[in-house]
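Single-structure report; data block below.
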Amino acid sequence: MSTNSFLSRLICSHCETSFDHREMQTFCKTCNKPLLAIYDLEQAKSKLTRDTISSRNPDLWRYRELLPVLKEENIVSLGEGFTPLVPLIKLNQKVGINQVWVKDESQIATGSFKARGLTAAVSKAVELGIKRVAIPSAGNAAGALAAYAARAGMECFIFMPKDVPQINFLESKITGAQVTLLDGLISDCGKMVAQKKEEMGWFDISTLKEPYRIEGKKTMGLELAEQFNWSLPDVIIYPTGGGTGLIGMWKAFAELQELGWLSDYRPRMISVQSTGCDPITRAYNQGRQDSDFFEGAETIAAGLRVPKAFGDALILKALQESGGKALSVSDEEILICIKELAEAEGLFVCPEGAATWAALKHLKEQGEIAANDKVILFNTGAGLKYPEVISEEFKTK
Ligand SMILES: *Cc1c(COP(=O)(O)O)cnc(C)c1O
Ligand SMILES: [Zn+2]
């Protein structure tokens, strides 16, 4: 059965050259920049309604017309998506903001929002006949790819730095992926995949080096719009590593406006990173359009340990267009914030998620957020996936 996807082509995010979506594409080799999926929204406008979508199952494939998979039988799903908005009930008062919600991605398959991107990328890979996938990963992307590849019956090759959190290694092994631990950084893992992919016949699923993970992540923006009854909150605080989610949501809002389902009102997009690895914050503060490689990256928030995002220009553009900003918080603050959210709200968030709460406190203090602004914090994964971080912090307390 057709998904009735309105996917029409891919374009380079820089030079806007078109690429054919009926063949597997990677990125624009001329510009060395990501490709973006374009949909025929004029057509979609006359055929698709918000009510149709709202009547469907509560997972991200309810938006299938706005996703890249053309045939339903190619969808590889673990029921991911449509995560709850959990309101803060105590800490919001403490910080002096009336309405703050946590978009709680900890409740998703594989325990992090990486599942969104990988359900889309693996499904599209199935559709295009790909049998072997590879990924460099320092964490949750590995586990998510391994899970969807297992379900799809694909061979999966994972390259990780040897100091990767134990759970990400184990979750990849348990699903039968072939895992190689390297003495180096995620960037070295990326080089290894790039070097060997031709010879090994691997398709490289690295962030934004294939065009469909971002489409899966975009559903966070579609969900927010639907959950706010087709309007949008005022501020979105997002923990940025590769930035796929931030870019994806920004893309989703534009698509919904083109469909006539949203006004031109946009939230301010706020990027938060750890001071232990904050190339986007630095670039933003210098008013730059791209970022430098961050040397010596080190943070407990493994998802933020991305020294140079392939989509940096797109991240910075979304921050600027939205009137948002970028800021950094320390690992010490992150640890305090994990404890605060757990104690006050019963939310056991990942370090990346805790960084958004730390950022909100700074922003309120700086007068960047008003008491009546509607604020979204992204908890991008489960605290349960970080036993080393938690036991290190609390073993002596
Ligand atoms: C990967 C990851 C991030 C960063 O996501 P991007 O969309 O790549 O910026 C944040 N939090 C967690 C838990 C992650 O695994
Ligand atoms: Zn290009």
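Here is a yes/no grid of residues against (1) more than 16 Å from ligand 1 (Cβ to nearest atom); (2) crowded, with 18+ Cβ neighbours inside 10 Å:
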{"residue": "K124", "(1), (2)": "yes, yes"}
{"residue": "K131", "(1), (2)": "yes, no"}
{"residue": "G139", "(1), (2)": "no, yes"}
{"residue": "L145", "(1), (2)": "no, yes"}
{"residue": "A194", "(1), (2)": "yes, no"}
{"residue": "K209", "(1), (2)": "no, yes"}
{"residue": "E223", "(1), (2)": "no, yes"}
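Out of the residues in the range 251-292 that are among the polar types (S, T, N, Q) and without any contact (Cβ under 8 Å) to a residue 40 or more places away in the chain, state the one that is surrounded by the most Cβ atoms within 10 Å (Cβ to Cβ). Even if it seems obvious, please write down each step before you answer.
Of the residues in the range 251-292, the ones among the polar types (S, T, N, Q) are 257, 263, 271, 273-275, 281, 285-286, 289, 291.
Of the ones still in play, those that are also without any contact (Cβ under 8 Å) to a residue 40 or more places away in the chain are 257, 263, 286, 289, 291.
Values: Q257: 17, S263: 11, Q286: 10, Q289: 11, S291: 23.
Filtering the range 251-292 for residues that are among the polar types (S, T, N, Q) and without any contact (Cβ under 8 Å) to a residue 40 or more places away in the chain, the one surrounded by the most Cβ atoms within 10 Å (Cβ to Cβ) comes out as S291.
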Selected residue [surrounded by 18 or more Cβ atoms within 10 Å (Cβ to Cβ), away from ligand 1 (no atom under 16 Å from the Cβ), of a type in the set (V, I, T) and modelled with pLDDT of 95 or more] from T26, T3, T17, T49: T3
Residue, nearest to I75 (Cα to Cα), within the range 120-153, restricted to residues that are in a strand (DSSP E or B) and among the β-branched types (V, I, T): V133
Number of the condition not met by D59 [criteria: (1) in contact with a Gly (Cβ under 6 Å, 6 or more places away or on another chain); (2) in contact (Cβ under 8 Å) with a residue 60 or more places away in the chain; (3) of a type outside the set (F, W, Y)]: (2)
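Each row is one residue, and each column tells you yes or no for (1) of a type in the set (S, T, Y); (2) at pLDDT 95 or above; (3) over 22 Å from A225 (Cα atoms); (4) more than 16 Å from ligand 2 (Cβ to nearest atom).
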residue: M249; (1), (2), (3), (4): no, yes, no, yes
residue: Q286; (1), (2), (3), (4): no, yes, yes, yes
residue: D290; (1), (2), (3), (4): no, yes, yes, no
residue: P307; (1), (2), (3), (4): no, no, yes, yes
residue: G324; (1), (2), (3), (4): no, yes, no, yes
residue: L327; (1), (2), (3), (4): no, yes, yes, yes
residue: I336; (1), (2), (3), (4): no, yes, yes, yes
Among residues of the range 309-322, those that are part of a loop (DSSP other than H, G, I, E, B) and more than 16 Å from ligand 2 (Cβ to nearest atom), counted: 2
Elements of type strands (runs of 3 or more DSSP E) in the range 1-93, at least 1 residues being within 25 Å of Q289 (Cα to Cα) and within 16 Å of ligand 2 (Cβ to nearest atom): 7-12, 35-39
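The values are calculated or read from the model by the stated rules, or taken from the named source; none is laboratory data. The structure presented is a predicted model; accordingly, all values stated were derived computationally and were not measured. Quick reminder, even Gly has a Cβ in these numbers, built from the backbone with ideal geometry, and neighbours come from all protein chains shown.
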